[in-house]
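Have a look at the structure below, then the notes.
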Amino acid sequence: MIPIQDIVPRRSFPVVTISLIIVNTIVFLFELWLPEPLREALVFHLGVVPARYTDSNFASLHSYPILPYLAFFTAMFLHGGWIHLIGNMWTLWIFGDNVEDRMGHGRFFIFYFVCGLAATLAHIWMHPDSRIPVIGASGAISGVLGAYYAMFPFARVIVMIPIFFFPFFFEVPAILYIGFWYLMQLFSGALSVIHGQIVGGVAWWAHVGGFVTGLLLHRLFCLGRRGCFRDETRPWGVQYSLGEKFNR
């Protein structure tokens, strides 16, 4: 299922969400501009390699002062290809604006990076000996999905399902779409533990860790925000208009 859009009104311009999308895109274009050897070195040193934090011998040979800790931040802005970037930024655009709207810009900014950090730590915990750099914004965005799941469970999400090369569009409640997505991450993460390696080149446990963090911490970042959960109990089937979504 590919999400096309949700239909939940927002009351403010999503300045943080859009800024994150712009910065991630600029960084990715810079990656493409670099010669391949430099690009690989950039990913290795500014991505998170779990063995740097669990294997002192590996760390002494393959790390520099400060960089291992800076990588927890820089890794969130690196991506491995156009599909990786577009998939992450599209998901952030669809779900991030409403979470930012309810939390407020400053709190959402902090929330995003807290979820990204927790996602990275979850990956290191589950794959402590991995020497493959982990990059991408998906851990932080998974936290945004966790918050959205709790705040707007009955919001309508329009998804596209390609069947025999023909696109079919459906409306599903967020609790179903995001819940199914989370179970897939959990299942794939379990397979990665069983096989002893990352399945499909995806940091599944980073997704799980980010989602759970967002689910658990979203209320903390909403404290004192009036109307933060205004729509969380809106019954399934109550219609939002596109104008309401984009103009409020």
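Quick note: the coordinates plus some simple rules give every number you see, no bench work behind them. None of these values were measured; they are calculated from a predicted model. Cβ placement follows ideal geometry from the backbone for every residue including glycine, while neighbour counts extend to all protein chains displayed.
For the chain, what does the convex hull of the Cα positions come to per residue, in cubic angstrom?
Roughly 140 Å³ of hull volume per residue.
For the chain, build the charge dipole from Cβ charges (+1 Lys, Arg; -1 Asp, Glu) around the Cα centre, then report which of Leu186, Leu117, Phe154 sits farthest towards its positive end.
Among Leu186, Leu117, Phe154, the one farthest towards the positive end of the dipole of the chain is Phe154.
Which is farthest toward the positive dipole end of the chain among Asn57, Val99, Ile18, measuring Cα position about the Cα centre, with Cβ charges +1 (Lys, Arg) and -1 (Asp, Glu)?
Toward the positive end, the furthest listed residue is Val99.
What is the distance in Å between the Cα centres of the stretch 1-58 and the stretch 138-156?
19 Å
Run the dipole for the stretch 2-225 about the Cα centre, Lys and Arg Cβ at +1, Asp and Glu Cβ at -1, nothing else charged, and hand back the magnitude in debye, nearest 20.
I would put it at about 500 debye.
Please report, in cubic angstrom per residue, the volume enclosed by the convex hull of the alpha-carbon atoms of the stretch 48-151.
Spread over its residues, the Cα hull of the stretch 48-151 gives 97 Å³ apiece.
Which FRET efficiency value, to the nearest 0.05, is calculated for Thr54 and Phe170 with the Förster distance at 30 angstrom and r the Cβ-Cβ distance?
E(calc), rounded to 0.05, equals 0.10.
Given the alpha-carbon gyration tensor of the stretch 1-61, what are the semi-axes of its equivalent ellipsoid in whole angstrom, ordered largest first, with each equal to the square root of 5 times an eigenvalue?
They are 35, 18, 12 Å, listed from largest to smallest.
Per-residue counts of other Cβ atoms within 10 Å, averaged by peptide: what ranking do you get for 178-187, 68-77, 131-140, 45-54, highest first?
131-140, 45-54, 68-77, 178-187
Please list the non-local residues whose amide H lies under 5 Å from the amide H of Val134, H modeled 1.01 Å from N, same-chain partners needing a gap of 5 or more.
Val48, Val49
Please report the relative contact order for the stretch 81-225, taking Cα pairs under 8 Å with a sequence separation of at least 6, and give it as a percent rounded to a whole number.
So the answer I get is 34 percent.
Cβ under 13 Å from Trp90's Cβ, Trp90 left aside: what net charge do those residues give with Lys, Arg +1 and Asp, Glu -1?
-2
Multiply the residue gap between Val15 and Trp93 by 0.36 nm, knock off their C-alpha separation, and tell me the result in nm, one decimal place.
Extra length from Val15 to Trp93 when fully extended: 27.0 nm.
Treat each spin label as a single point 7 Å out from the Cα along the C-beta direction, and report the Ala190 to Gln5 distance in nm.
The two pseudo-label positions are separated by 3.7 nm.
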